[in-house]
Amino acid sequence: MSVLVYVEQADGKFKKSGFEAVSYAKAIADGQGTHLTAISIGNVGENELKELGKYGASKVLNVSSDQLKNFVNQAYASVIVEAAAKENADIVVLSNSFSGKGLAPRVAVKLKAGLVDGAVELPQTADGKFTVKKNAFSGKAFAVTELTSANKVIALNPNAFGTKESAGDATIENFIPEVKATDLTAIVKEIVRATDKISLPDAELVVSAGRGLKAPENWGMIEELANLLGAATACSKPVSDAGWRPHSEHVGQTGIAISPNLYIAIGISGAIQHLAGVSSSKVIVVINKDPEAPFFKVADYGIVGDAFEVVPKLIEALKAHKG
Ligand SMILES: Cc1cc2nc3c(=O)[nH]c(=O)nc-3n(C[C@H](O)[C@H](O)[C@H](O)COP(=O)(O)OP(=O)(O)OC[C@H]3O[C@@H](n4cnc5c(N)ncnc54)[C@H](O)[C@@H]3O)c2cc1C
């Protein structure tokens, strides 16, 4: 028995959420008294593969194939399952990212495994049971799920566990899976990035703004603040519905769910549908001119004030600090 973790890459580099999944899987492997194997699919260089050892993988299966260069849900799921069989892994860990959300159920079905998606803590194994705490109802509640199956699949919510280094070297092994034509009926030929900005789901810092900003031309100060902090930008639903900002920035129940280390909400009321996508952020800072705005109830820090006065002052202070 062992633990297998699938580590996502983009352009030959592992994502931070991938290192986090390895750290989490290593803690599970330690708890089970077994070892951790990581699997990488796509063209990743040896130095990058070795990085996985730093987070606890003792072996890395490297699948380097032009056919599998870009993410293909069905084929990647088959490769992960083949690797699990090869490694005799009974626990498979992935990140609950955009692609992880598609992969985890497919892997679980193929392995006849119980699945926990959106895990936020390490499994508890008291009394011989295997339970995992996960987000439920778009982050409005937690559910503790017991997995009773022999095989288990866990998809970890990004930023829920953090990365943890555990000194060690990984051996790299080339792995050539049997890819069936039926797994490649829909393939990604090319990926064209719409923006070079920090990707929202991976961002550790997020500056977000809502209808309180009044008009799209007022986003200059939001972008400036985000640039100074090295943060991604986000927005509320009405803002993207109005076309003030792209839909890719819309966070909440019907948008992207994020859990960055810092979420700064500017001119956003804090409606329950918005909170559903951001309430698991580690630290929430709210800037709103209405002291009764619901967002203040979940804020770690709140500034009651006009965004058009507060944000320029923050920018000034950050520039002075950086200077
Ligand atoms: C089924 C459903 C799904 C939904 N999904 C989502 C979702 O995924 N994401 C989402 O965001 N919403 C979602 N909504 C909409 C949600 O209910 C709210 O209507 C929306 O979040 C409000 O956006 P807002 O806070 O930007 O705007 P408003 O509610 O208009 O709030 C603007 C805020 O800005 C403050 N403000 C105004 N001027 C200033 C100023 N000068 N300085 C500082 N503060 C100022 C105001 O006090 C107010 O609190 C959904 C709704 C439904 C019904």
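Where a number appears in this text, it was derived from the coordinates with a stated rule and is not lab data. Owing to the predicted nature of the structure, the values given are computational and were not obtained by experimental measurement. All Cβ positions, glycine included, derive from the backbone under ideal geometry; neighbour counts span all protein chains shown.
A few comments on the model shown:
- Taking each of Lys164/Lys197; Lys101/Lys189; Lys13/Lys134; Lys16/Lys289 in turn, the alpha-carbon distance tops 24 angstrom for Lys164/Lys197; Lys13/Lys134; Lys16/Lys289.
- Checking every one of the trypsin sites (Lys or Arg not before Pro) in region 238-323 against DSSP loop status and a limit of 15 other Cβ atoms within 10 Å picks out Lys282, Lys289.
- Computed over region 2-184, Cα set: Rg, Dmax in Å: 15.0, 46
- Per-residue 3J(HN,Hα) values for region 166-171, derived from phi via the Karplus relation 6.51 cos²θ - 1.76 cosθ + 1.60 with θ = phi - 60°, read 9, 2, x, 10, 10, 8 Hz in sequence order (x marks Gly and Pro).
- Between helix 220-229 and the chain: long-axis angle, C-alpha atoms, 0 to 90°, nearest 10: 50 degrees
- For the pair Val144 and Asp306, label points projected 7 Å from Cα toward Cβ lie 5.0 nm apart.
- For the chain, a crude dipole built from +1 on the beta carbon of Lys and Arg and -1 on the beta carbon of Asp and Glu, taken about the Cα centre, is about 440 debye to the nearest 20.
- Translational diffusion coefficient (Stokes-Einstein; Kirkwood radius from C-alpha pairs) of the chain at 20 °C, 1.002 mPa s, in µm²/s: 103 µm²/s
- The simple Förster model, with R0 at 30 Å and r as the Cβ-Cβ distance, assigns Ser64 and Thr131 a FRET efficiency of 0.20.
- Considering only Val283, Val298, Val93, the residue lying farthest towards the positive end of the dipole of the chain is Val298, judged by Cα position with unit charges set on Cβ.
- With the simple model of a label 7 Å out from the Cα in the direction of the Cβ, Lys197 to Asn47 spans 3.1 nm.
- Where both bridge residues fall in region 2-184, DSSP classifies roughly 25% of the beta bridges as antiparallel.
- Cα-based helix-to-principal-axis angle, 73-87 vs the chain, degrees rounded to 10: 50 degrees
- Calculated over region 205-322: convex hull of Cα atoms, volume per residue (Å³): 89 Å³
- Partner aspartates and glutamates whose Cα lies under 17 Å from the Cα of Lys69, excluding those fewer than 8 positions away in the same chain, are identified as Glu8, Asp11, Glu46, Glu48, Glu178, Asp183, Glu190.
- Taking every DSSP helix (H) stretch of at least 4 residues in the chain, weighting each as -39,500 (n - 2.57) and dividing the sum by the residue count yields a mean residue ellipticity at 222 nm of -9000 deg cm²/dmol.
- Between region 77-119 and region 209-271, the alpha-carbon center distance in angstrom: 33 Å
- Highest average packing first - 82-91, 50-59, 221-230, Cβ atoms within 10 Å: 50-59, 82-91, 221-230
- With Cα atoms, 0 to 90° folded angle of helix 307-322 axis to the chain main axis: 60 degrees
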